[in-house]
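What follows is a set of notes on a single structure, which appears directly below.
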Amino acid sequence: MITALDNEPFVSGKFLVAGQWVAGRKTFEVHNPARVDNIVGLAAWCSAEDVLLAIEAAWGAFASWKSTDLSERIERTLEAAKNLRPYLDDLAKLLVRENGKVLVEAKKDVYRCDEVLEILPHHLNRWFSGMIFEGTQHVEQRRRPRGVTAIISPWNSPMILTFKRVIPAILTGNTVVVKPPSYCPLTIMEALKVVAKSFPDGVLNIVTGPGAEIGEMLATHPAVKTVSLIGGTETGKTVMRMAAPTLKKLYLELGGNDPAIILPDAALSDAEVSRLKGAVLRSAGQVCSAVKRIYVHRSRYEELVAKLTTAFDEVTVGDGLKTGVTMGPLNNKAQYDFVTQLLNDTRAQGRTMLSCGQKESLESWDQGYFVAPTIVADAENDDELVQCEQFGPVIPIVQYDDIDQAVTWANQTPYGLRASIWGGDLQHAQDLAQQLEAGAVFYNQHGIFQDLLLDFPGVKESGVGRETIFGNFELFCDTYGFAHDRGDNV
């Protein structure tokens, strides 16, 4: 049972190995980004020996777990969903305290974990059945789990992005070692503490501590067969280098610098502007697939700036647990320092910067990592703010004269996660989508796929791994063929 959420979470200072919560010999503090002097809890600073124990526990449990019937894996996962459900609201509040999201966003993050537990099991049998190809040979497509899976989670949307990897990995017969983000590990651990009780010891293990040290062990240990990382592109490249000697299978969801292209015939209705605002400011802009740069046709520039400024002014920034707050702080000091330096550099360039929104509390503003929603109204395409992944509540607006120019600029980035087209002609948008280098293109919206079984990862340096249907099952298994001549008695 989750206890004392307002004080110290039950798993503070502990990590999970082979079904046992072990007290860390060293711990580190997890702070509330809305009140940085508030300690939310403690997390274990795992040693190399601790991580090795977790890997060995996962490897030891794999032989038995991979042999369990699909029906048993399904039953255990549905049991975990039932057991977790009573704690969802408390988990959402804890997530606000250690992550900074506003409560409504935290609830979405947490409640979608319940959806993962409920939805994925019902598709397992169909996915594992594979396909049969008939010809001169009878060929069957078969699946088998790969082994120990390392899952390295991000701090921006830690719950759903962890569950979308842990649950399909376990359902398909793998065992798991999870490395939660150091900035906000507690909610993941509270949730997985409940989930782990539904599975045999060693199927689910959790280690916490410094990302570089633990990540290197997970990426290099020969018993780990798959590494799933959600994080920055440079971190992804480091993991690729470390995993290369053992040729591990990698699933990397990395950075993004998503463009939104506003066409001359865009409606820019109140509803569309609201959706655009949400795509920029959700989680204070700390979303890989957030809109991070806007290209607007010169004829609609003034209208867009005026309407977006009005929309941004409706935002109230503060502690995400307080009534009326619609945007929280940045999650950590490193990100806060990066974004504020970007703002200072942009201001020094002489750009027009529109600071928007309301401060929920003037007295507590300097006690957290708060940044006001900001529009840079006269950005140029080669500005650092436009070219980097700023990961904050800041949006540069760049004017263009013809659509070919806008498409060229949109593609002039190493990233290729998401993009969006805003206009009045669906066919035109579909034609433009063919030219945009992105894993997914949205029309008059920008965000995520509501169906948890669907996702289209980034291209270029935004990711490795082709998750499309069946909610990630294919990323944690090997597919092989079994063939025999049609006349053989096999």
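Structure values in brief
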quantity	calculated
Interchain or long-range residues, amide H under 5 Å from ASP265's placed H	GLY424
Residue-by-residue Karplus 3J(HN,Hα) for segment 139-156, coefficients 6.51, -1.76, 1.60, Hz, glycine and proline x	10, 10, 8, 10, 10, 8, x, 8, x, 6, 10, 9, 10, 10, 9, x, 8, 7
Dipole in debye (nearest 20) - the chain, about Cα centre, beta carbon charges: Lys, Arg +1; Asp, Glu -1	1280
Fewest-first sequence of ASP313, ASP382 by Cβ atoms within 10 Å of each Cβ	ASP382, ASP313
Given charges at beta-carbon only (K, R positive; D, E negative), |dipole| of segment 255-349 in Debye	180
Charge dipole of the chain about the Cα centre (unit charges at C-beta), most positive-ward option of PHE456, SER71, SER269	SER71
Globularity index of the chain, i.e. its alpha-carbon radius of gyration over 2.2 N^0.38 Å	1.01
0 to 90° range, to nearest 10: angle between helix 70-84 axis and the chain longest Cα axis	50
Cβ-defined net charge surrounding SER129, 11 Å radius [Lys, Arg +1; Asp, Glu -1]	+2
For q = 0.12 Å⁻¹, Debye-computed log10 I/I(0) when each Cα of segment 206-286 counts as one equal scatterer	-0.54
Rg(Cα)/(2.2 N^0.38 Å) for segment 258-443, N = residue count	1.00
Using alpha-carbon coordinates, inclination of helix 233-243 to the longest axis of the chain, degrees	20
Ratio of Rg to Rh over segment 339-407 (Cα coordinates, Kirkwood Rh, two decimals)	1.05
Within the chain, percent of DSSP bridges classed antiparallel, to nearest 5	40
Neighbour-count ranking [beta-carbon atoms within 10 angstrom, fewest first] of ILE132, ILE421	ILE132, ILE421
For segment 1-134, radius of gyration divided by Kirkwood radius, i.e. Rg to Rh on alpha-carbons	1.05
Leading residue at positive end of dipole, segment 258-443 (Cβ point charges), from ALA410, GLN427, ALA279	ALA279
For segment 106-228, alpha-carbon Rg over 2.2 N^0.38 Å	1.20
Average silhouette area of segment 152-217, convex hull of alpha-carbon atoms, in square nanometres	4.3
Aspartates and glutamates whose Cα lies under 16 Å from that of LYS66, excluding same-chain neighbours fewer than 8 positions away	GLU56, GLU75, ASP201, GLU474, ASP478
Where GluC sites (Glu not before Pro) fall in DSSP loop in segment 379-409, at most 11 other Cβ within 10 Å	none
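Where a number appears in this text, it was derived from the coordinates with a stated rule and is not lab data. If you're wondering where the values come from, they're calculated on a predicted model, not measured in any experiment. With ideal geometry, Cβ positions are generated from the backbone for all residues, glycine too; neighbour counts draw on all protein chains shown.
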